[in-house]
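Asks: Sharing a structure, written as structure tokens. Questions coming.
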Amino acid sequence: PTEKLAKAVAAEWNAQDAEIDLMSMHLTRLANVAIDRVPETRYEMADELARYCETDLVCHIAEEPEELAELEEAHWAPLRAWAGQALDVIL
């Protein structure tokens, strides 16, 4: 856990209205999983997450056609950069 991640989770909560929309709170949901499941299954969860990242469109850029690869990179590179800076996660 980092201070940046804590602030990002707090921002999710601050963005909620009268009713909490848990489906819009991705980091909070991930934290809940970490608290509830990870202590017993830490290595299995890490493997599962790594498998997911290998196929996620944010991480998996098309090789061709070149125009698609450039479009995807232009679209997803800022998100990957943000994750690296804000969450200390390299995607």
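The values are calculated or read from the model by the stated rules, or taken from the named source; none is laboratory data. From a predicted model like this one, the values you see are computed outputs, not experimental measurements. Methodologically, a virtual Cβ is constructed for each residue, glycine included, from the backbone with ideal geometry; neighbour enumeration extends over all protein chains shown. All accessible areas refer to the heavy atoms of the entire protein, side chains included, with ligands and DNA or RNA removed. Shrake-Rupley method; radii C 1.70, N 1.55, O 1.52, S 1.80 Å.
Asks: Determine the sum of side-chain charges near T41: Lys and Arg each +1, Asp and Glu each -1, restricted to other residues whose C-beta is under 15 angstrom from that of T41. Write out the running numbers ahead of the final one.
Replies: Details: positive: R37, R42, R51; negative: D36, E40, E44, D47, E48.
With Lys, Arg at +1 and Asp, Glu at -1, the neighbours total -2.
Asks: On to the next question. Place a +1 charge on the Cβ of each Lys and Arg in the chain and a -1 charge on the Cβ of each Asp and Glu, then give the dipole magnitude about the Cα centre in debye, rounded to the nearest 20. The partial results should precede the final answer.
Replies: On the way: 7 positive and 20 negative charges, 123 e Å.
Value, rounded to 20: 580 debye.
Asks: Which one of L27, A77, T55 has its Cα pushed farthest toward the positive end of the charge dipole of the chain, where Lys and Arg give +1 and Asp and Glu give -1 at the Cβ?
Replies: L27
Asks: Still on this model: Using the Karplus curve 6.51 cos²θ - 1.76 cosθ + 1.60 with θ = phi - 60°, what ³J(HN,Hα) values do you get for each residue of the range 74-91, in whole Hz, with x for Gly and Pro?
Replies: Values, residue by residue: 4, 6, 8, 4, x, 5, 5, 5, 4, 4, x, 7, 7, 10, 6, 10, 9, 9 Hz.
Asks: For A77 and E54 in the same chain, what is the full-extension length gain: residue separation times 0.36 nm, less their Cα-Cα distance, in nm? Show your work: numbers first, answer last.
Replies: Values: separation 23, 0.36 × 23 = 8.28 nm, distance 1.55 nm.
In short, 6.7 nm is gained.
Asks: Follow-up. Just the number, please: carbon plus sulfur as a percent of the accessible area of the chain, 1.4 Å probe, no ligands or DNA/RNA counted.
Replies: After summing per-atom areas, the C and S share lands at 60 percent.
Asks: Looking at the chain as a GNM with Cα springs under 10 Å, which of P39, P78, P65 has the largest mean-square fluctuation?
Replies: P65
Asks: Now for a different question. For a quick check, take a GNM of the chain with Cα springs below 10 Å and name the residue from A18, A77, A50 with the largest mean-square fluctuation.
Replies: The residue with the greatest mean-square fluctuation here is A18.
Asks: Counting each DSSP H run of 4 or more residues in the chain as -39500 (n - 2.57), what helix-only mean residue ellipticity at 222 nm follows after dividing by all residues, to the nearest 500 deg cm²/dmol? Could the numbers behind the result be given before it?
Replies: Details: 4 runs with 63 residues, N = 91.
After summing the helix terms and dividing by residue count, I get -23000 deg cm²/dmol.
Asks: Could I ask something else about it? At q = 0.20 Å⁻¹, what log₁₀ I(q)/I(0) does the range 1-71 have when each alpha carbon counts as one equal point scatterer in the Debye sum?
Replies: -0.96
Asks: Using a Förster distance of 22 Å, how high is the FRET efficiency between Q16 and A86, based on the Cβ-Cβ distance and rounded to 0.05?
Replies: On the way: r = 20 Å, r/R0 = 0.90.
FRET efficiency, Q16 to A86: 0.65.
Asks: May I pose another question? Springs between alpha-carbon atoms under 10 Å, Gaussian network over the chain: tell me which of E72, E44, E19 tops the mean-square fluctuations.
Replies: Answer for the Gaussian network model of the chain: E19.
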